[in-house]
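One structure follows; several queries about it will come next.
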Amino acid sequence: MYDGIIQDLIDEFGRLPGIGPKSAQRIAFHILQTESFDVTKLATLLMDIREKVRFCEVCGNVAEEAQCSICRDPRRSPTTICVVEEAKDVVAIERTREFRGLYHVLGGAISPIDGIGPDDLRISQLLTRLADGTVTEVIIATDPNLEGEATATYLTRLLVQPGLTVSRLASGLPVGGDLEYADEVTLGRAFEGRRQIQH
């Protein structure tokens, strides 16, 4: 435990997700001991994020305008929507450069233990986007865990309508992984998603 403001700073960093007490202490002392570290710039950025960054009115992704850059991009296909849990998932998929459609960010996943039900997610906004018939495929890209699977199952049942294909991202064994270390859910999904080898 440190005196006053130093401990306050460590405590604040420790409240961030993924940062434990030791990491919080290291960050605080790095800021304290590194003269070249621009504290003013960091403070300004944090204030700007609070004031300027919002969520896209169409898809729920982070944006500095009413719509995010993906929703405003005329080169994106309006016929396909990829449904993800969080805005950070959009970034992960964009890095693959495989998807050229639009996104819909749910803002979480169904989790009865945490008191999160379908009404707490942006599902009604998704249904509104599908109403005019422009979208022909919805790709569900929720996390391959219990909450993600529950959300995917709920959406799959909800989105049964003529002219709309609903698909789920394949999941299974990671490249370079060993079978002996894979859990049974991962192995099961790998078997479900197996493909025939072309001769």
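Considering only the range 46-68, I want to know if a residue exists there that is modelled with pLDDT of 90 or more, at positive phi and not in a helix (DSSP H, G or I).
Taking every residue of the range 46-68 in turn, at least one turns out to be modelled with pLDDT of 90 or more, at positive phi and not in a helix (DSSP H, G or I).
Which of the numbered conditions does Gly4 fail, given that it passes all the others? Conditions: (1) at positive phi; (2) modelled with pLDDT of 90 or more.
(2)
Taking into account only those residues within the range 69-94 that are within 11 Å of the chain's Cα centre (by Cα) and among the small types (Gly, Ala, Ser), which is modelled with the highest pLDDT?
Out of the qualifying residues, it is Ala87.
So, Ile113, is that one over 25 Å from Pro162 (Cα atoms) and free of Cβ contacts under 8 Å to residues at least 60 places away in the same chain or not? Walk me through how you get there before you give the answer.
Working: over 25 Å from Pro162 (Cα atoms): yes; free of Cβ contacts under 8 Å to residues at least 60 places away in the same chain: yes.
Yes: the conditions hold for Ile113.
A further question follows. Taking the range 73-92 as the region of interest, how many residues are within 14 Å of Gly148 (Cβ to Cβ), assigned to a loop (DSSP other than H, G, I, E, B) and without any contact (Cβ under 8 Å) to a residue 24 or more places away in the chain?
Selection size over the range 73-92: 1.
Is there any pair linking a residue in the range 142-166 that is within 18 Å of Val90 (Cα to Cα) to one that is among the aliphatic types (A, V, I, L, M) and part of a strand (DSSP E or B), with Cβ under 6 Å and at least six apart or on different chains, and which?
Pairs that qualify, where the first residue is within 18 Å of Val90 (Cα to Cα) and the partner is among the aliphatic types (A, V, I, L, M) and part of a strand (DSSP E or B), are Ala152/Ile140.
Mind checking which residues of the range 32-77 are polar (S, T, N, Q) and surrounded by 11 or more Cβ atoms within 10 Å (Cβ to Cβ)?
Going through the range 32-77, the residues polar (S, T, N, Q) turn out to be 33-34, 36, 40, 44, 61, 67, 69, 77.
Residues satisfying the conditions are Thr44, Asn61, Gln67, Ser69, Ser77.
The values are calculated or read from the model by the stated rules, or taken from the named source; none is laboratory data. Just so it is clear, the structure is predicted and the values come from calculations on it, not from any experiment. Glycine also receives a Cβ, built like all others from the backbone with ideal geometry; neighbour counts cover every protein chain displayed.
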